[in-house]
Amino acid sequence: MAIGKEQHATLINSKNPDMELIKSFSHDFTEFLRYYFFIGGMPEAVSTWVETNDFNEVRRVQKELLRTYENDVSKHTTDEMANKIRQVWDSVPSQLAKENKKFLYSVVKESARAREYENAINWLKSAGLLIKVHRINKPGIPIKAYEDLEAFKIFILDTGLLCSMTNLSGKVLLEGNRLFTEFKGSLTEQFVCQQLISEFGIEPYYWSSKSSTAEVDFIFQNDDEIVPIEVKAEVNLQAKSLRQYRETYNPTTALRFSLSDYKNHGVLKDCPLYALPIIREFLTEKLRSSLP
């Protein structure tokens, strides 16, 4: 909408999305998504892009925002706490670049312990800068009762700021869909996580098997059902973890987001990343079907 593509936005945000019509604009939507990954949704960064079309100017604004956050930490905490907060914050890209994205205190500092840094993590979370996604042991109702407080992943508030923290060049936008796969698809998971929260008010969790050999990226509760979400950074739709989850727990709805087109397989819905707002349709589908 900010770049004047109101018709495209209306199509994606429709209460009854026409997926065939959306598919015909998939090239446009994928391009918009690449730009969003780099620019993000921070108002000043977006307005700077609209005014200048200059990636360097956008990056300057993002760096200034990051400096502002760092200054705020120094103003509102002790020197010791500020140092720990910075260490946690600076570790975010490395935490996300791991194959297993479970937060490890040893990535923050060698031999670090939870008691040393949990207050720093909670400070960043309370400030709205950090998103904490806890593991669940099994998909039960209510989902919070099955939360593992010791195991979690972290994300931040915005894809653009994550790109800035890693100094990811705007040139990557010109290299097809490479941006989606950068540091093990972390930007793509970051995008899905922040949109679940900002657009739908969903509190996401994740699931992993007891052996940790299988992991479903996000899990959330919708009324009396638990919905798993698999995130793929490419068109490759192999999802062994999601298959294992479905075979074990038999969910009534499972969502898989990727760069592929929309396909309804019954329980499993394949959805393009750029059409993430259509989750709204699945959230209300059960409610509509129960009405007299």
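The values are calculated or read from the model by the stated rules, or taken from the named source; none is laboratory data. In this text, all values refer to a predicted model and were calculated from it rather than measured experimentally. So basically every Cβ, Gly included, is an ideal-geometry build from the backbone, and we count neighbours across all protein chains shown. When the accessible area is computed, the model is the full protein with side chains, heavy atoms only, and any ligands, DNA or RNA have been set aside. Shrake-Rupley method; radii C 1.70, N 1.55, O 1.52, S 1.80 Å.
Couple of notes before you dig in:
- When every residue of the stretch 89-105 is checked against the conditions, none turns out to be of a type in the set (Gly, Ala, Ser), closer than 17 Å to SER186 by Cα and in contact with a Gly (Cβ under 8 Å, 6 or more places away or on another chain).
- Filtering VAL235, VAL231, VAL216, VAL227 for residues that are on the phi < 0 side of the Ramachandran plot and open to solvent by 80 Å² or more (accessible area, probe 1.4 Å) leaves a single hit, VAL235.
- Residues within the stretch 171-180 that are open to solvent by 20 Å² or more (accessible area, probe 1.4 Å) and part of a helix (DSSP H, G or I), tallied: 3
- Note on the stretch 60-81: residues that are more than 26 Å from the chain's Cα centre (by Cα) and within 26 Å of SER106 (Cβ to Cβ) total 6.
- Single residue of the stretch 97-107 satisfying the filter (open to solvent by 20 Å² or more (accessible area, probe 1.4 Å) and in contact with an Asp or Glu (Cβ under 8 Å, 6 or more places away or on another chain)) that is farthest from ILE121 (Cα to Cα): ASN100
- Taking the listed residues ILE39, ILE85, the one that is under 22 Å from the mean Cα position of the chain (by Cα), β-branched (Val, Ile, Thr) and within 23 Å of LEU273 (Cα to Cα) is ILE39, with no other qualifying.
- In the stretch 3-96, counting only helices (runs of 4 or more DSSP H) that sit wholly within it, the ones holding 3 or more residues that are open to solvent by 20 Å² or more (accessible area, probe 1.4 Å) and among the β-branched types (Val, Ile, Thr) span 43-52.
- Elements of type strands (runs of 3 or more DSSP E) in the stretch 201-292, at least 2 residues being charged (D, E, K, R): 215-222, 225-231, 268-272
- Filtered residues of the stretch 124-145 (kept if within 25 Å of VAL88 (Cα to Cα), of a type in the set (A, V, I, L, M) and assigned to a helix (DSSP H, G or I)): LEU124
- Boolean, SER258 is within 24 Å of ILE154 (Cα to Cα) and open to solvent by 10 Å² or more (accessible area, probe 1.4 Å): no
- The residue list LYS84, LYS102, LYS153 contains one member that is in contact with a Phe, Trp or Tyr (Cβ under 9 Å, 6 or more places away or on another chain) and at pLDDT below 95, which is LYS102.
- Residues that are among the aliphatic types (A, V, I, L, M), more than 30 Å from THR30 (Cα to Cα) and open to solvent by 70 Å² or more (accessible area, probe 1.4 Å) do not occur anywhere in the stretch 131-140.
- The single condition from (1) more than 19 Å from ASP90 (Cα to Cα); (2) touching a residue at least 40 places away in the same chain (Cβ under 8 Å); (3) surrounded by fewer than 19 Cβ atoms within 10 Å (Cβ to Cβ) that PHE183 fails is (1).
- When we screen ALA145, ALA127, ALA114, ALA120 for residues that are modelled with pLDDT of 90 or more, farther than 24 Å from PRO251 by Cα and open to solvent by 50 Å² or more (accessible area, probe 1.4 Å), the only hit is ALA127.
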